[in-house]
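First comes the structure, then the notes that go with it.
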Amino acid sequence: MLTDRRSWFIDLIAQHLMLSGISIFFAGTIGLSLGILIFERKRLAGIVLGIVNAIYTIPDIAMFGFLIPLLGIGNKAAIVAITVYAQLPMVRNTYTGLNQVDADIIEAAVGMGSTRRQLLFKIQLPLAFPVILSGIRNMVVMAVSVAGIASFIGAGGLGKAIYRGIATNNQQLMIVGSLLIACIAIFLDFFFGALEKLSNSRDRRKHRKGFGVLSVILVIVIAFVSCSILSDVKNKKITVGYDNTAEEAIIANILILLIENNTDITVEEMGDLAGGETVMMPAARHGEIDIYPEYTGTAWLTILKHDNIPDQEEMNRRIKDEYKKEYDLTWYGMYGFNDSYGIAVSNKVAKEYGLETYSDLARVSKYIKFGAEPGFYERSDGYDGLCREYGFAFRSSSEINFSLKYKALEEKSVDAIIVFTTDGQLYGADVTLLKDDKNYFPKYLCGNVVRVETLKEYPELYPVLEMTNGILNDSTMSRLNKEVEVDGREPAEVARAYLKSKGLIK
């Protein structure tokens, strides 16, 4: 895995260290300043420490989510989130270290005529340094770990490998990404641990050689990261974003390959974005993403918040008109497949209860354990509406990551799951796809959402986007998804092979 994708992982490591390093710098500077402030003005200590402690109790993934409406997606929001989240050990240890300085030493220094500034910088901070360094050590490890979630909002780093592994059911990607983050954290913990030991040691000469070796290694790592970043500087003109699903990764790579093979436009890929339209729509409106794949059902019900379902031709027309009027976005290029929602049960459950339709499932729903991804419970056409339409009263309902729902069904953690009708895992799985006999779910036709400003700036995109019209159908999309989700192939590899087979790229 590492050998085959060396350059990709090197790039992710460089991104991860850059994110962590910038965040550590800001967190250290702010945390040290706050620690000194509340030491000097102790009446503020309870308030500041209370706020910092409260922030630390917020789940890190929620912290990233809170910042999306304010800062959009990408590295900026990730750096702010990591900086805020890493404040606790720095503020607390600075305050504690300064408070632990011997009062007799302070009194003697004051008696010798030291000013308040001299007292702080020449006596208190140096004596408190071992405790402050312990806080820095904890802060560094925390920042490196939390940076693994940065890909949730479109930032770089090794979290991208983990999220892609989850999305494509690739255990190797998840393991390698996690191990690399752990190795970075362990190395930095060891480095700052050695520095902490040196700062506490009376015989500093004894440890100076070892610390020197560690310093050389750290300098080499920093130089490596800098060179990797500088060597990768490109004139990136447009950005294609996509959700953290195999299907959207394949679609996005098809589009990227078509653009790069038919224009001189350089494409930046911003993928594996958790949160779907709730992340990509704001990102497109803020200009952080130029193009992303979207589905008509999602646009109509979730984004535009309509509750009626017109005929498909009218829906498509109104979606395009309203996106352009309200968001300065347009739809251009429809791929040709419908990836709607469906309900699947294991073959054993289907046979046991005689299930063929949703209405059949409603009849026995009190015996059925239901599972769906978290987003389904928030949709206007999601769990609540579905239950009202069919009268479902499930025995229990669970939130399950989309990449784990088939495994949950196989392990009998649930009896019925929400699926997408082009899921690759439907092939070969021991499941029955039930019929939506009341036609509750609308069609989810996939197309390209593009910033109007981007099309004005790069009109050469029009013929490329037109090439995506009807390029796929339901069965083909399912097959391509299977190659990623089940067979373990990379989305870019699958996209390239398909386009070559259609004669659309060389």
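The values are calculated or read from the model by the stated rules, or taken from the named source; none is laboratory data. All values derive from a computational prediction rather than experimental measurement. No Cβ is skipped: glycine too gets one built from the backbone with ideal geometry, and neighbour counts run over all protein chains shown. When the accessible area is computed, the model is the full protein with side chains, heavy atoms only, and any ligands, DNA or RNA have been set aside. Shrake-Rupley method; radii C 1.70, N 1.55, O 1.52, S 1.80 Å.
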Number of the exception - Ala283 against (1) open to solvent by 40 Å² or more (accessible area, probe 1.4 Å); (2) over 27 Å from Asn473 (Cβ atoms): (1)
The one condition in (1) in a helix (DSSP H, G or I); (2) among the hydrophobic types (A, V, I, L, M, F, W, C); (3) touching a helix residue (DSSP H, G or I) at 6+ places or on another chain (Cβ under 8 Å) that Ala108 fails to fulfil: (3)
Residue that is farthest from the chain's Cα centre (by Cα) [pool: residues in segment 323-346 that are among the charged types (D, E, K, R), open to solvent by 20 Å² or more (accessible area, probe 1.4 Å) and closer than 26 Å to Ala249 by Cα]: Lys324
All positions within segment 372-387 that are crowded, with 17+ Cβ neighbours inside 10 Å and either in a strand (DSSP E or B) or modelled with pLDDT under 90 (or both): Ala372, Glu373, Gly375, Phe376, Arg379, Asp381, Gly382
Pairs, first touching a residue at least 60 places away in the same chain (Cβ under 8 Å) and closer than 17 Å to Ile149 by Cβ in segment 83-94, second part of a helix (DSSP H, G or I) and acidic (Asp, Glu), C-beta under 9 Å, six or more apart: Tyr85/Asp60
Some residue of segment 283-298 being part of a loop (DSSP other than H, G, I, E, B), within 27 Å of the chain's Cα centre (by Cα), over 27 Å from Phe402 (Cα atoms) and in contact (Cβ under 8 Å) with a residue 12 or more places away in the chain: yes
Some residue of segment 270-277 being at pLDDT below 90 and farther than 27 Å from Glu483 by Cβ: no
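Results for (1) modelled with pLDDT of 90 or more; (2) closer than 19 Å to Asn138 by Cα, shown as yes or no for each residue.
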site	(1), (2)
Ala27	yes, yes
Lys76	no, no
Ala86	no, yes
Thr94	yes, yes
The listed residue being modelled with pLDDT under 85 and open to solvent by less than 30 Å² (accessible area, probe 1.4 Å), out of Phe191, Phe211, Phe224: Phe191
Filtered residue count, segment 357-384, keeping only those that are farther than 27 Å from Gly65 by Cα and touching a Gly at 6+ places or on another chain (Cβ under 6 Å): 1
Within segment 130-157, tally of residues that are without any contact (Cβ under 8 Å) to a residue 60 or more places away in the chain, of a type in the set (A, V, I, L, M) and closer than 20 Å to Cys183 by Cβ: 2
Filter result (open to solvent by less than 20 Å² (accessible area, probe 1.4 Å) and within 30 Å of Asp104 (Cβ to Cβ)) within segment 127-172: Ala128, Ile132, Leu133, Gly135
Ile175 vs. criteria part of a helix (DSSP H, G or I), open to solvent by 40 Å² or more (accessible area, probe 1.4 Å), at pLDDT below 85 and within 28 Å of Glu373 (Cα to Cα): no
Failed criterion for Phe402 (all others in (1) open to solvent by less than 60 Å² (accessible area, probe 1.4 Å); (2) in a loop (DSSP other than H, G, I, E, B); (3) at pLDDT 90 or above; (4) out of contact with any Phe, Trp or Tyr (no Cβ under 6 Å at 6 or more places or on another chain) hold): (3)
Selection count, segment 33-58, where residues are of a type outside the set (Gly, Ala, Ser) and either in contact with a strand residue (DSSP E or B) (Cβ under 7 Å, 6 or more places away or on another chain) or open to solvent by 60 Å² or more (accessible area, probe 1.4 Å) (or both): 9
From Val349, Val364, residue being crowded, with 19+ Cβ neighbours inside 10 Å and out of contact with any Leu (no Cβ under 6 Å at 6 or more places or on another chain): Val349
Failed item, numbered, when Tyr390 is tested on (1) surrounded by fewer than 18 Cβ atoms within 10 Å (Cβ to Cβ); (2) more than 21 Å from Asp243 (Cβ to Cβ); (3) touching a residue at least 40 places away in the same chain (Cβ under 8 Å); (4) not polar (S, T, N, Q): (1)
